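Contents: one structure, followed by commentary.
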Amino acid sequence: MAITFLDDPSAFKAVKSKQVKEVRQLTDVRAYLDSVPLDALLTQLKAKGITQKAFAEQIGMNTRHLAAIKSSELRHHYFNELGATKLSCLWMLEHLGKSKGKVQ
């Protein structure tokens with residue numbers, strides 16, 4: 001990679017992280033989901049009282065599979081369901097975070 005960069009720096013593009021509050025268009029959703037790890041989203045859910053187990057059950061996923069998706073992302077291996085799982089987290093954070101009740 002270093003040789004490629006030295007030969008042609010324009011072959012690389014800078015990836016800018018997005019914050020959730022910067023998501024305004026459909027194309028911003030993908031950029032945001034690519035910049036945030038699943039583990040961070042699950043931590044945000046936990047802070048709102050939604051456990052990883054409860055989240056997995058509500059989206060119809062086995063808790064072991066969710067754990068495998070999360071740990072594989074940290075090792076830069078990606079399951080096909082990663083984007084959809086992150087989007088589910090984002091939806092729950094946006095919609096259930098506003099409710100007064102907590103999901104257990």
(Q) Taking all protein chains in place and a 1.4 Å probe, what share, in percent, of the accessible surface of the stretch 1-96 do carbon and sulfur account for? (A) 56 percent
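In what sequence, highest mean first, do 24-30, 79-85, 36-42 appear when ranked by Cβ atoms within 10 angstrom?
On the way: 24-30: 10.7, 79-85: 15.7, 36-42: 17.4.
For the peptides 24-30, 79-85, 36-42, the packing ranking is 36-42, 79-85, 24-30.
The values are calculated or read from the model by the stated rules, or taken from the named source; none is laboratory data. Quick caveat: nothing in here was measured; it's all calculated off a predicted structure. Because the Cβ atoms are built from the backbone with ideal geometry, glycine has one as well, and the counts that use them run over all protein chains shown. What goes into the accessible areas is simple: the full protein's heavy atoms, side chains included, and nothing from ligands, DNA or RNA. Shrake-Rupley method; radii C 1.70, N 1.55, O 1.52, S 1.80 Å.
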